[in-house]
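Notes to accompany the following structure.
Derivation of every value follows stated rules applied to the coordinates shown; laboratory data play no part. Keep in mind the model is a prediction, meaning the values are calculated, not measured. Here the Cβ is made from the backbone with ideal geometry for all residues, glycine too, and neighbour counts use every protein chain on show.
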Amino acid sequence: MYSQSIHLDNLKLLIVDDDSDTREILTLLFELEGAEIISAGSAHEAIEIISNFKPDILISDISLPDEDGYWLLRKVKNLEALKGRWVPAIAMTGWASAADQEYSLKAGFQKHLCKPINLDELLFAVASLVNLNQYVMAKC
């Protein structure tokens with residue numbers, strides 16, 4: 001586990017993964033750092049959640065039971081753009097090749113992390129996106 005605390009107070013995260021254990025572990029991890037978490041088991045469930053919950057960061061598996069994470073990211077970006085918002089996103093996936101990583105980044109994810117997820121790496125990826133998001137929003 002990580003040795004240094006990262007404070008993510010009041011950060012809103014939407015975690016999308018069809019594995020309930022993964023959702024539970026990530027929820028606990030980020031709640032311990034002060035973040036507000038809502039999780040979904042499918043892309044369509046995530047889209048329903050976004051109508052009421054405005055996440056600062058999306059963390060999504062690529063392989064989901066209904067639509068894939070790429071579809072979800074396109075929908076989220078379109079919905080948030082209508083509100084004048086930008087939501088950075090992290091792909092979590094078992095697809096670990098260089099081509100898979102390149103595809104995720106070209107699809108619009110800011111980070112591509114391979115499963116099994118290294119929790120330290122995920123925490124630091126979120127922290128770096130918090131800084132990126134604050135910079136982007138300040139420029140708008």
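Quick one: which residues, 5 or more positions from V16 or on another chain, have an amide H under 5 Å from its amide H? H modelled 1.01 Å from N in the peptide plane, none for Pro or chain starts.
A40, I59, S60, D61
What spacing in nm lies between the two simple spin-label points modelled at D120 and L32, each 7 Å away from Cα in the Cβ direction?
For the pair D120/L32, the computed spacing is 1.4 nm.
So between A127 and S51, what do we pick up on full extension, going 0.36 nm a residue minus the alpha carbon distance?
24.9 nm
If I take every Cα pair under 8 Å that is 6 or more residues apart in the chain, average their sequence separation and divide by the length, what percent do I get for the relative contact order?
21
Could you put I47, I62 in order, starting from the residue whose Cβ has the fewest other Cβ atoms within 10 Å?
I47, I62
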